[in-house]
């Protein structure tokens, strides 16, 4: 069972969402360390025969809220993972609205094959397999290992009744063990819409750092 959750939480890295524009905002994750994504891309492209490349999708209903590529080296037994910002703009025939040109719409419109083609065009990586993870799976996995310890940098407060599922984030500041529901909210939090509360001073970079910390803690807990 612990082996299952170790694999699951490795896949959970895909919830380290990076909101941004363009391929240059790719980030890498390797051996628990954040590294330059260009270095990972060079390694993956240079050992194609020994690599199995998998898309990891964090799903929000029919949309791919998070897109990551995990490349497993069958010779060294090492996995390299890069994150593709969901707001990365791509060229789509017949669409001029920027909202329709984001990569997170590709899976909805063209399915997994269309997303494979898109990733190949922007990264040069040919995809072999894919895995999807939804919010229910995230909740269940976190609860199954007894929660994950995080250090919440400030009181997270945000409400969005129109989100699916609706968001009512209210996580106090400080070190604590969060359950599945709070883990989902912690990973989705971006900014506050309440007076007197704050968001990440560094913007999305602060959010990314917090999410990566969660993922590392989750993997450690699952071992």
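What follows is calculated from the coordinates using simple rules that are stated; it is not laboratory data. Just so it is clear, the structure is predicted and the values come from calculations on it, not from any experiment. Neighbour counts are summed over all protein chains in view; Cβ atoms, including those assigned to glycine, are modelled from backbone coordinates with ideal geometry.
What ranking, highest mean first, results for peptides 160-171, 180-191, 111-122 when packing means the other Cβ atoms within 10 Å averaged over each residue?
Working: 160-171: 12.4, 180-191: 19.2, 111-122: 15.8.
Those peptides, ordered most packed to least, come out 180-191, 111-122, 160-171.
To one decimal place, what orientation-averaged projected area in nm² is obtained for the convex hull of the Cα set of the range 145-222?
Orientation-averaged projected area of the Cα hull: 5.1 nm².
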Gyration tensor over alpha-carbon atoms, the range 124-177, equivalent ellipsoid semi-axes in Å: 27, 18, 13
